Amino acid sequence: GQNIDQPTEMTATEGAIVQINCTYQTSGFNGLFWYQQHAGEAPTFLSYNVLDGLEEKGRFSSFLSRSKGYSYLLLKELQMKDSASYLCAVRELWRPRDDKIIFGKGTRLHILP
Amino acid sequence: GAGVSQSPSNKVTEKGKDVELRCDPISGHTALYWYRQSLGQGLEFLIYFQGNSAPDKSGLPSDRFSAERTGGSVSTLTIQRTQQEDSAVYLCAGSLGWGRPTNTAAFFGQGTRLTVV
């Protein structure tokens, strides 16, 4: 089974930096994704981590610690368009030679001018 | 196709009626997921198909919900005797299946907004 926790809501200021944390418990970890979802739209893929460490992609970075079951998404130089929900998702091995992607509830990020 | 296609985009139905929601994933995506999202809430896992293997139905909320996937491509989610609490956006996602690089993400359709009145 799996359990994915992330804060329900966060607020940050335009131009600032925000870190969104995600903790997970899974029996067969096989990678972690972050997705962005704007209101009324489908989620879109942001980043992927399977090894410990930091993956940087422009203003967004994602970090993973497998031993701690912990990840964070770091957003720099926040823009108003970054107001969205951010979903942490874990790829879990759930039966031999098969895995599936399970999503957390998401963190709603509000950006203030 | 170029992306994940879901139909209809919107569906309004009367309580007690049956509805069918359709998902056509990206060609070659053998893994297919159905999720449900109520207003302002997170994604609720419903069902997962992987190739010809038995699907994971552990997320289906009741026996009124069922899904099938024909020919390993198009999937249909059926809700029988709809209730008002079934009102939500139903999202379909597909990804490359087992054996492919694990960094292959799931790609979502735009969803079907179901309203039960």
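None of the figures in this text is laboratory data; all of them are computed from the coordinates on show. Please read all numbers here as calculations on a predicted model, not as lab measurements. Please note: Cβ atoms are built from the backbone with ideal geometry, for glycine as well, and neighbour counts cover all protein chains shown.
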Express in whole angstrom the spacing between the alpha-carbon centres of region B:44-73 and region A:3-47. 25
I need the GluC sites (Glu not before Pro) found in region B:1-87, filtered to DSSP loop residues with at most 12 other beta carbons within 10 Å of theirs. B:Glu14
What is the local net charge at B:Gln41, summed over the other residues whose Cβ is closer than 13 Å to its Cβ (Lys, Arg +1; Asp, Glu -1)? 0
Counting Lys and Arg as +1 and Asp and Glu as -1, what is the net charge of the other residues whose Cβ lies under 9 Å from the Cβ of A:Ile111? -1
If you average over every viewing direction, what projected area does the convex hull of the Cα atoms of the protein assembly as shown give, in nm²? 12.5
What number in nm² do you get for region B:1-108 if you take the convex hull of its Cα atoms and divide its surface by four? 7.0
Determine, for each peptide in A:79-90, B:72-83, A:46-57, the mean count of other beta carbons within 10 angstrom over its residues, then list the peptides with the highest first. A:79-90, B:72-83, A:46-57
Given all pairs of distinct Cα atoms, region A:5-113 yields a Kirkwood Rh in Å of 14.1
Magnitude of the Cβ-charge dipole of region B:1-102, K/R +1 and D/E -1, about the Cα centre, nearest 20 debye? 80
Neighbourhood net charge (11 Å Cβ-Cβ; Lys/Arg +1, Asp/Glu -1) for B:Ala106: +2
Within the protein assembly as shown, which cysteines find no other Cys whose Cβ is under 4.7 angstrom from their own? none
Chain A, relative contact order in percent, only Cα pairs under 8 angstrom and at least six apart counted: 36
